[in-house]
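Below: the structure, in structure tokens.
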Amino acid sequence: MMQVIIHSVAVVGLTGDPDRLGLGPGDPLRLQTETDGKIAVLARARPVPFRAFRRPRWVRLGHLGPTATGLVAPILGRGDQPRVRIVNVTSTRLGGPDIRLSVWAHTEPPQPAAPTPRIFSKSRIRERP
């Protein structure tokens, strides 16, 4: 079951303008561990007109702060990909830029499925000697 890890946290060190990327509440984001131990926040770039057949590219927005990194790093270390969504976007015209996101993940690793019992046993009725 997915549970809230972080309700709302600001992205630190914003490198892109949220207005230009076309970001809004509810848009999905990705988290990626960097070599220096920080966790980068990636957003899908808005498609450019007349380039409909290009693959979507992910643009680095910034990174998480130290407290949020401590909460999310164990989840990424397990290999899980948490559900990350934008909660609030403040544009540069309104005193920003500011992007706040929420992180949801499975709190405990999934348990392996129990083996299903056999309903019918191997029968030798149809075997011919």
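The values are calculated or read from the model by the stated rules, or taken from the named source; none is laboratory data. Because the structure is a prediction, the values reported are computed rather than measured. Positions of Cβ are generated from backbone atoms using ideal geometry, with glycine treated the same way; all protein chains shown enter the neighbour counts.
From the list ALA68, ALA45, ALA40, pick out the single residue that is at pLDDT below 90, surrounded by 12 or more Cβ atoms within 10 Å (Cβ to Cβ) and aliphatic (A, V, I, L, M). Lay out the reasoning, then the answer.
Values: ALA68 fails: at pLDDT below 90; ALA40 fails: at pLDDT below 90.
Result: ALA45 is the single residue among ALA68, ALA45, ALA40 that is at pLDDT below 90, surrounded by 12 or more Cβ atoms within 10 Å (Cβ to Cβ) and aliphatic (A, V, I, L, M).
So, in segment 55-103, exactly how many residues are part of a loop (DSSP other than H, G, I, E, B) and in contact (Cβ under 8 Å) with a residue 40 or more places away in the chain?
Qualifying residue count for the region: 7.
It is to be established whether one or more residues within segment 105-126 are among the β-branched types (Val, Ile, Thr), surrounded by 10 or more Cβ atoms within 10 Å (Cβ to Cβ) and modelled with pLDDT of 85 or more.
Scanning segment 105-126, I find no residue that is among the β-branched types (Val, Ile, Thr), surrounded by 10 or more Cβ atoms within 10 Å (Cβ to Cβ) and modelled with pLDDT of 85 or more, so the answer is no.
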